[in-house]
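Novice: One structure, as structure tokens, below. Some questions next.
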Amino acid sequence: MDEKIFRDFVIIKAVEDGVNVIGLTRGTDTRFHHSEKLDAGEVMIAQFTEHTSAIKIRGNAKIYSPYGEVESSSKKGQAEK
Ligand code: TRP
């Protein structure tokens, strides 16, 4: 496994209350193994690990990684736009 992937951090800043940060397992079986709820303004700093190969974010959040910045939106937010 590329060591850079393990070193890199992903920063998730919740823009609204109730943002879910979900960790998905590495390996043949891809399933949820962790769910973290963030309220507006809360920040989670996470890495990809031996156990985590993907991160799913539900709700409106700003995501910063070495690969760039992206904003996730909630269904509710999109409907209002
Ligand atoms: N125990 C998990 C792990 O070591 C913790 C974790 C790391 C995590 N990165 C994450 C949980 C990203 C959710 C999202 O893999």
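We did not get these values from a lab; they are worked out from the coordinates using the rules stated. These figures come from a predicted structure and were not determined experimentally.
Novice: Pull up all non-local amide H partners of Gly18: gap of 5 or more, or a different chain, and H-to-H distance under 5 Å with H placed in the peptide plane.
Specialist: It is Leu38, Asp39, Ala40, by chain and number.
Novice: Under 16 Å Cα to Cα from Lys75, which aspartates and glutamates show up? Leave out anything in the same chain fewer than 8 places away.
Specialist: Glu16, Asp17
Novice: Write down Rg/Rh for the range 9-71, rounded to two decimals, with Rg from the C-alpha atoms and Rh from the Kirkwood relation over Cα pairs.
Specialist: My calculation puts Rg/Rh at 0.97.
Novice: Cα to Cα, under 15 Å, and not fewer than 8 places away if on the same chain: which aspartates and glutamates meet these conditions relative to Lys13?
Specialist: Glu36, Asp39, Glu42, Glu69, Glu71
Novice: Below 8 Å, C-alpha to C-alpha, sequence gap of six or more: please give me the relative contact order for the chain in percent.
Specialist: Rounded, it is 35 percent for the chain.
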